[in-house]
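Enquirer: Got a structure here, written out as structure tokens. Questions coming.
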Amino acid sequence: MGNFGKKIEVFWKMFYESNGYTKVLTGLQNTMYIATVGLAIGIVIGTIIAIIAVIPKYKRLPRILDRFCKFYVGLFRGTPVVVQLLVFYYVVFPLMGVKMPSVNVCVLVFGLNSGAYVSEIMRSGIMSVDPGQLEAARAVGLSFGVSMMKVVVPQAVKNILPTLGNEFIALIKETSVVSFVGAADLYVAFNYIGTNSYEFMVPYLVMALIYIVLVMAIALLVRIMERSLRKSDRHN
Amino acid sequence: MIDIIDLRKRYGNLEVLKGITNTIHEGEKVAIIGPSGSGKSTFLRCLNCLEDPTSGQIIFEGVNIADMKVDINIHRRHIGMVFQQFNLFNNKTVIDNIMLAPLHIKISELRKKKIKNFFIKLRNVFTPDKKPLYEINTTKAQIKEEVRANAMRLLKRIGLEDKANAFPSTLSGGQKQRIAIIRALAMNPKVMLFDEPTSALDPEMVGEVLDLIKQLADEGMTMVIVTHEMGFAREVATRVLFMDEGMIVEENTPEEIFNNPRNPRTKEFLSKVL
Ligand SMILES: Nc1ncnc2c1ncn2[C@@H]1O[C@H](COP(=O)(O)OP(=O)(O)OP(=O)(O)O)[C@@H](O)[C@H]1O
Ligand SMILES: [Mg+2]
């Protein structure tokens, strides 16, 4: 046990006195940045895909778009996110001649990835809205797109907010692989501390604790949100 | 006002409307009665193309709106519709329910004009002959104020101005349906379609909704009403259509239909419901 106390001492020196905490803060910031902006991009992409999925398919364009979306969703759900990161960072962007900081590549890839997942969540949310709502909006002369954006999607989002919260948690966990393309996240920060103090036990323990606290805090927020939403539904 | 020519609608192999030809004249109040499943709702929903007709024409103000090439949204603005289940927008307050469509349409017209003016100005810079700009004499704020004032006027008319900021989930069925009616009125429709507007209401609320519809009828609104309220049809309608199995089997004035039905199917139906 005295051994463990020594390890904590070493960690603290590295963390506090040698400014390891700045790296941890940067890592935390990157993790949250990638997850938050990634989810935001995912929600936009997912909403567009979900709307395309529910457009009446009389015309050719929506059918083609829908097939493309299905392909996209299949691709991003069917491959590990690490592989997507590596492919975009080392193959797609270099081929396109695009140079971008690795954090931004991560944001884009996580956005594209969560777009595929959010599209399914959003589609079920849209399906859960009474079809009479869309009909009423169309009947007063609003176009399909405007009706969706002003009437259907807001109600769908309300129905799926808790599920989106869980998607956010999933994203935070998945961002722990971004160091594969050189983005500095929590793992990179604690790995740095470990490498420089020749002592990995405490750093990785603290890293695990940070992830647990982060995820639990968000899960709590989601539950509070869920409860207040249920309250506002009680009049129905 | 609306000419319906050989209207047919099928779902898969089921032909729900089997060739309906009729004309709704301005100022008429047409009641549609008939047994369940006879295609009344489908017929009504074809009139504003909420259901796309399988074949046939719906000529509204000289335009065949059943043609997939016409911009149906423009024509629907002039055809109000009221549903059995009210269908107020759950995510919007009462006043926003009423304002949504008029506000969106007016503001997007303003935006379109501004965009066109921008391109005309751009063009005028490079060419000697100057094209005139579209006249813009309102601002977004003014439009919003106008639309809100009109919505409040309509709410006052039904005595629900104190509910302006309430959400639909807090209202009674009768209140919801009356708001759904003025939501349609806010677009200044030329004709109103009602699909069993009182069927989902508790009996004590039927009266307030029928009274409002009656008022509109007295003001000269053209309307088509699918209804099971025979007394109401008799009192308000100028013409009654009896539908059975996707066809108009008999049509006449309410007096004739109710007192002296000619078709055996009409007789049978009325003997059951009266
Ligand atoms: N979307 C649909 N898909 C398949 N069949 C449908 C659809 N909508 C209606 N039908 C069928 O069309 C027929 C006519 O339906 P419609 O709703 O027009 O009858 P209705 O006269 O309004 O009846 P009710 O008095 O019960 O409202 C019914 O047999 C119904 O099952
Ligand atoms: Mg019906």
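Enquirer: I'd like to check which strands (runs of 3 or more DSSP E) are fully inside the range B:1-50 and have at least 2 residues that are surrounded by fewer than 21 Cβ atoms within 10 Å (Cβ to Cβ). It would help to see each step written out before you state the result.
Expert: Values: elements: B:2-11, B:14-24, B:29-33.
The qualifying strands (runs of 3 or more DSSP E) are B:2-11, B:14-24.
Enquirer: Contact list please: Cβ distance under 7 Å, first residue in the range B:193-207 and within 12 Å of chain A (Cβ to nearest Cβ) and within 12 Å of ligand 1 (Cβ to nearest atom), second residue in a helix (DSSP H, G or I) and not hydroxyl-bearing (Ser, Thr, Tyr), pairs at least six apart or on different chains.
Expert: Every condition considered, the pairs that remain are B:195/B:44; B:200/B:173.
Enquirer: Could you list, in sequence order, the residues of the range B:23-47 that are more than 15 Å from ligand 1 (Cβ to nearest atom) and at positive phi?
Expert: If the condition is that a residue be more than 15 Å from ligand 1 (Cβ to nearest atom) and at positive phi, then B:27 is the only one that fits.
Enquirer: For residue B:95, only one of the following conditions fails: (1) away from chain A (no Cβ under 14 Å); (2) closer than 22 Å to residue B:221 by Cβ; (3) crowded, with 17+ Cβ neighbours inside 10 Å. What is its number?
Expert: That leaves (2) as the condition not met.
Enquirer: Something else now. Quick check on residue A:125: is it crowded, with 20+ Cβ neighbours inside 10 Å, within 14 Å of another protein chain (Cβ to nearest Cβ), at pLDDT below 95 and within 30 Å of residue B:97 (Cβ to Cβ)?
Expert: On the way: crowded, with 20+ Cβ neighbours inside 10 Å: yes; within 14 Å of another protein chain (Cβ to nearest Cβ): yes; at pLDDT below 95: yes; within 30 Å of residue B:97 (Cβ to Cβ): yes.
It is true that residue A:125 is crowded, with 20+ Cβ neighbours inside 10 Å, within 14 Å of another protein chain (Cβ to nearest Cβ), at pLDDT below 95 and within 30 Å of residue B:97 (Cβ to Cβ).
Enquirer: Quick one: what pairs do we get from the range B:76-89, first residue more than 7 Å from chain A (Cβ to nearest Cβ) and under 15 Å from residue A:141 (Cα atoms), second open to solvent by 10 Å² or more (accessible area, probe 1.4 Å) and within 15 Å of ligand 1 (Cβ to nearest atom), C-beta under 8 Å, 6+ apart or different chains?
Expert: B:82/B:195
Enquirer: Moving to a separate point now. State whether the residues of the range B:167-175 include one that is touching a residue at least 24 places away in the same chain (Cβ under 8 Å) and within 27 Å of residue B:39 (Cβ to Cβ).
Expert: yes
Enquirer: For residue A:183, state whether it is open to solvent by less than 30 Å² (accessible area, probe 1.4 Å), touching a residue at least 24 places away in the same chain (Cβ under 8 Å) and within 19 Å of residue B:90 (Cβ to Cβ). Spell out how you get there, then give the answer.
Expert: Numbers: open to solvent by less than 30 Å² (accessible area, probe 1.4 Å): yes; touching a residue at least 24 places away in the same chain (Cβ under 8 Å): yes; within 19 Å of residue B:90 (Cβ to Cβ): no.
Judged against the criteria, residue A:183 is not a match.
Enquirer: Restricting to the range B:225-267, name every residue that is out of contact with any Asp or Glu (no Cβ under 7 Å at 6 or more places or on another chain) and within 13 Å of ligand 1 (Cβ to nearest atom).
Expert: Passing the criteria: B:225, B:229, B:243, B:244, B:245, B:247, B:248, B:249.
The values are calculated or read from the model by the stated rules, or taken from the named source; none is laboratory data. What you see is a predicted model; the values in this text were computed from it and never measured. Positions of Cβ are backbone-derived with ideal geometry, glycine not excepted, and every protein chain shown enters the neighbour counts. Areas reflect the complete protein model, heavy atoms only, side chains present, ligands, DNA and RNA absent. Shrake-Rupley method; radii C 1.70, N 1.55, O 1.52, S 1.80 Å.
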